[in-house]
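Peer 1: Supplied in structure tokens, the structure appears directly below.
The values are calculated or read from the model by the stated rules, or taken from the named source; none is laboratory data. Since the model is a prediction, treat every value here as computed from it, not as a measurement. No Cβ is skipped: glycine too gets one built from the backbone with ideal geometry, and neighbour counts run over all protein chains shown.
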Amino acid sequence: MLRIEDLSVSYGSVKALDTVNLAVSQKGVLHGVIGPNGAGKSTLMDAITGRCKPTQGRVLMNGIDITSRPIEWRRRMGMSRSFQRTSIFPGITVGQQLEMVATQLGEKNLHSILDTLELNEIYDLMADSIAYGDQRRVDIALALVGQPSLMLLDEPAAGLSTAETVKLFEHLLAVVRQRNVTALVVEHDVEAVFKFCDAITALDLGRLLTTGTPAEVRVHPDVISAYLGSSA
Amino acid sequence: MMKTTPLFSALGFSKIFLSVVILIIVLSGLAIPSLIKSTFYLGLFINAITLGIAALSIGFLAHQCGLIIFGAAGFTGGATYLFGIAVMYFNWDVTSAAVFCLASSTLISLLMGMVMVRARPLPFAMMTLALAQMLHSVVKLTAYREVTGADDGLTLNWSGNFFGMTQAELARPANFWTVAWLALCGVMLLAWWVGQSRAGEILRATKANEERMRFSGFNTYVPRVLAFGLAGFIAAVSGLLVGLHSAFASPELLDFTTGANSLVSMLIGGATVVTGPILGALLYTMGQDQFGASGHLELLTGVGVVIVVVAFPKGAIGFVQSGIKRLTGRHHASN
């Protein structure tokens with residue numbers, strides 16, 4: 001589904017990503033991306049979604065090179081994303097914005113997204129008047145509309161409490177299974193990633209350390225030294 | 001799934017009822033010359049209408065796209081010149097010249113929009129100002145005196161009737177009122193309809209969060225170009241009205257201060273609803289009349305604008321809206 005080949009991104013003399021290779025092929029899974037600040041997680045997301053231009057390498061989706069394709073084109077290919085900062089439309093209701101995007105993308109099952117993410121209660125409320133945790137779910141709902149095959153979520157649990165994070169990941173797991181969509185999730189909350197994700201990729205200083213199941217990544221020596229320390 | 005309640009239903013109005021109300025307002029407005037006998041005040045209200053339509057074009061683009069036109073004079077005055085050139089240089093009849101003026105102004109706006117809407121708000125505003133100033137300089141060039149009249153401007157004479165009115169009849173405020181009022185109602189309804197449509201929804205969502213719109217599969221560029229074209233059309237209506245009524249196109253029409261009048265009118269009235277810029281233009285025109293009589297026009301205008309903008313950040317219409325909300329809130333509470 002998604003293949004990244006020798007992907008590098010530089011900001012001046014700083015290499016934010018350094019020849020990263022990654023393949024995500026399984027459908028209906030949560031794939032976590034972990035790493036400390038400056039590891040290149042968000043840059044990886046931006047490079048995959050076309051928000052920043054790679055200095056080297058390719059991004060392939062379903063075998064097609066999409067490295068230089070515009071954002072709208074990637075969306076039509078089935079790639080969607082959410083952002084580190086909640087990225088909703090503040091001046092209109094939750095329902096209006098979801099319906100607007102659903103109409104644009106020909107989404108027929110908006111009600112199932114609303115049910116799964118428990119958004120019916122806030123459907124008629126203005127998006128900027130709802131709680132932050134609800135805004136994060138609206139953000140994910142916007143990324144889910146239009147039956148994407150690959151969803152990239154940049155720190156969906158940022159700013160949420162532990163309990164809210166757990167609930168959000170439960171919702172995420174439910175939607176990826178129900179809608180058979182693969183979600184690549186960048187997340188700081190390492191425990192949540194290990195608990196809920198089917199596969200994990202670990203980055204450090206722009207380099208890929210390892211990719212594997214949570215059990216494999218948890219015992220990987222580089223990951224232990226770089227991220228988990230003695231608590232692993 | 002819960003459904004969003006449409007605005008009309010929320011206000012307790014059906015679409016038919018709303019249409020009837022609009023029709024009554026439009027028809028009632030036509031009777032104004034029979035109520036206001038003073039040519040001076042009727043002329044003042046006509047000035048407010050032309051200024052209001054120009055302010056509406058700025059307000060429309062500001063509200064829908066978050067883009068401010070600093071050089072509105074380029075679009076209004078440019079349209080007056082296009083009309084003038086059509087009747088004087090091409091010797092076209094007035095109706096053909098009016099159609100040419102509106103069509104070419106809209107087309108030029110669309111072409112410029114293709115370049116300009118890519119810019120961020122401040123550079124966009126400055127580009128519109130630069131354009132107006134360039135036009136201002138071009139029409140004053142003696143090399144083009146035959147076409148533009150250079151510093152002297154163009155005194156317009158045309159053949160044919162416009163909606164059954166001769167040039168002399170259009171110059172009389174009591175006659176011209178019908179044209180100005182219907183044009184005002186037309187552009188207000190057009191701007192309102194676009195704002196209420198899916199296109200308006202997409203424009204405002206793009207203004208709020210363009211990146212999310214692009215990641216939701218929307219083309220965010222074309223709607224903004226079209227919105228700019230529509231703003232150009234509305235401004236051209238204002239310029240055409242000036243040409244039809246005054247029969248004169250002068251370089252002052254393209255001057256920054258002319259555009260600033262429209263911009264200030266929009267700020268005074270507010271841009272969130274289509275009536276805002278019109279109300280702002282009415283207040284501004286009346287204020288200018290009163291301040292001018294005192295002999296301290298610029299000073300009092302400056303003080304007045306600062307007070308209004310600080311006291312009513314959402315414009316006069318925002319103040320009216322919040323007043324109505326408070327009143328209806330109290331009414332509901334007492335029930």
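Peer 1: Output the number of the condition that A:ALA158 fails; it satisfies all remaining conditions of (1) more than 10 Å from every other protein chain (Cβ to nearest Cβ); (2) at pLDDT 90 or above.
Peer 2: (2)
Peer 1: Checking A:LEU184 against (1) touching a Pro at 6+ places or on another chain (Cβ under 6 Å); (2) within 29 Å of A:ALA23 (Cα to Cα): exactly one of these is not met. Which one?
Peer 2: (1)
Peer 1: Can you run down the residue pairs with Cβ atoms below 9 Å, 6 or more apart or on separate chains, where the first is in segment B:117-142 and under 18 Å from B:SER105 (Cβ atoms) and the partner is among the basic types (Lys, Arg) and surrounded by fewer than 17 Cβ atoms within 10 Å (Cβ to Cβ)?
Peer 2: Once the first residue is under 18 Å from B:SER105 (Cβ atoms) and sits in segment B:117-142, no partner that is among the basic types (Lys, Arg) and surrounded by fewer than 17 Cβ atoms within 10 Å (Cβ to Cβ) comes close enough.
Peer 1: Is there a residue in segment A:101-114 that is among the acidic types (Asp, Glu) and facing chain B (nearest Cβ under 9 Å)?
Peer 2: no
Peer 1: Next up: Let me spell it out: the conditions are (1) outside any helix (DSSP H, G or I); (2) touching a residue at least 40 places away in the same chain (Cβ under 8 Å); (3) closer than 17 Å to B:ASN219 by Cα, and A:GLY57 meets all of them except one. Which number is the exception?
Peer 2: Result: A:GLY57 passes all but (3).
Peer 1: In addition: Condition first: touching a residue at least 60 places away in the same chain (Cβ under 8 Å) and away from every other protein chain (no Cβ under 11 Å). Now tell me which residues in segment B:210-224 satisfy that. Even if it seems obvious, please write down each step before you answer.
Peer 2: If we filter segment B:210-224 for residues that are touching a residue at least 60 places away in the same chain (Cβ under 8 Å), which is where we start, we get B:221, B:224.
Scanning segment B:210-224 gives a single hit, B:ARG224.
Peer 1: Return only the number of the condition from (1) buried (at least 20 other Cβ atoms within 10 Å of the Cβ); (2) more than 9 Å from every other protein chain (Cβ to nearest Cβ); (3) part of a helix (DSSP H, G or I) that A:LEU142 does not satisfy.
Peer 2: (2)
Peer 1: Considering only residues of segment A:1-46 that are in a loop (DSSP other than H, G, I, E, B) and among the aliphatic types (A, V, I, L, M), which is modelled with the lowest pLDDT? Please lay out each step first, then the result.
Peer 2: As a first pass, look at segment A:1-46 and keep what is in a loop (DSSP other than H, G, I, E, B): A:1, A:12-13, A:25-29, A:35-40.
Those still in the list that are among the aliphatic types (A, V, I, L, M) too: A:1, A:29, A:39.
Numbers: A:MET1: 83, A:VAL29: 92, A:ALA39: 88.
Only one residue tops the list, namely A:MET1.
Peer 1: Among the residues of segment A:65-78, write down those that are more than 8 Å from every other protein chain (Cβ to nearest Cβ) and within 17 Å of A:ARG179 (Cβ to Cβ).
Peer 2: A:MET77, A:GLY78
Peer 1: What do you reckon, is A:LEU153 surrounded by fewer than 19 Cβ atoms within 10 Å (Cβ to Cβ) and either of a type in the set (A, V, I, L, M, F, W, C) or in a helix (DSSP H, G or I) (or both)? Spell out the reasoning first.
Peer 2: Values: surrounded by fewer than 19 Cβ atoms within 10 Å (Cβ to Cβ): no; either of a type in the set (A, V, I, L, M, F, W, C) or in a helix (DSSP H, G or I) (or both): yes.
Answer is no for this residue.
Peer 1: If I go through segment B:68-97 residue by residue, how many of them are surrounded by fewer than 24 Cβ atoms within 10 Å (Cβ to Cβ) and not in a helix (DSSP H, G or I)?
Peer 2: Looking only at that region, the number is 7.
Peer 1: A further question follows. In the list A:TYR123, A:TYR132, which residue meets the criterion of being hydroxyl-bearing (Ser, Thr, Tyr) and more than 10 Å from every other protein chain (Cβ to nearest Cβ)?
Peer 2: Working: A:TYR123 fails: more than 10 Å from every other protein chain (Cβ to nearest Cβ).
Unique residue meeting the criteria: A:TYR132.
Peer 1: Wholly within segment B:190-285, which helices (runs of 4 or more DSSP H) include no fewer than the required count, namely at least 2 residues that are modelled with pLDDT under 90?
Peer 2: On the way: elements: B:198-208, B:210-215, B:221-246, B:256-269.
Passing ranges, in order: B:198-208, B:210-215.
Peer 1: Here's another thing I want to ask about it. Within segment B:115-136, can you find the residues that are more than 16 Å from B:ILE68 (Cα to Cα) and either hydrophobic (A, V, I, L, M, F, W, C) or not in a helix (DSSP H, G or I) (or both)?
Peer 2: B:MET134, B:LEU135
Peer 1: Filter segment A:79-96 down to residues that are modelled with pLDDT of 90 or more and more than 7 Å from chain B (Cβ to nearest Cβ), then give me how many there are.
Peer 2: Total meeting the criteria: 2.
Peer 1: Among the listed residues B:ALA247, B:ALA227, identify the single one that is closer than 28 Å to B:ILE317 by Cα and more than 14 Å from chain A (Cβ to nearest Cβ). Even if it seems obvious, please write down each step before you answer.
Peer 2: Details: B:ALA247 fails: closer than 28 Å to B:ILE317 by Cα.
B:ALA227 is the lone residue from the list that is closer than 28 Å to B:ILE317 by Cα and more than 14 Å from chain A (Cβ to nearest Cβ).
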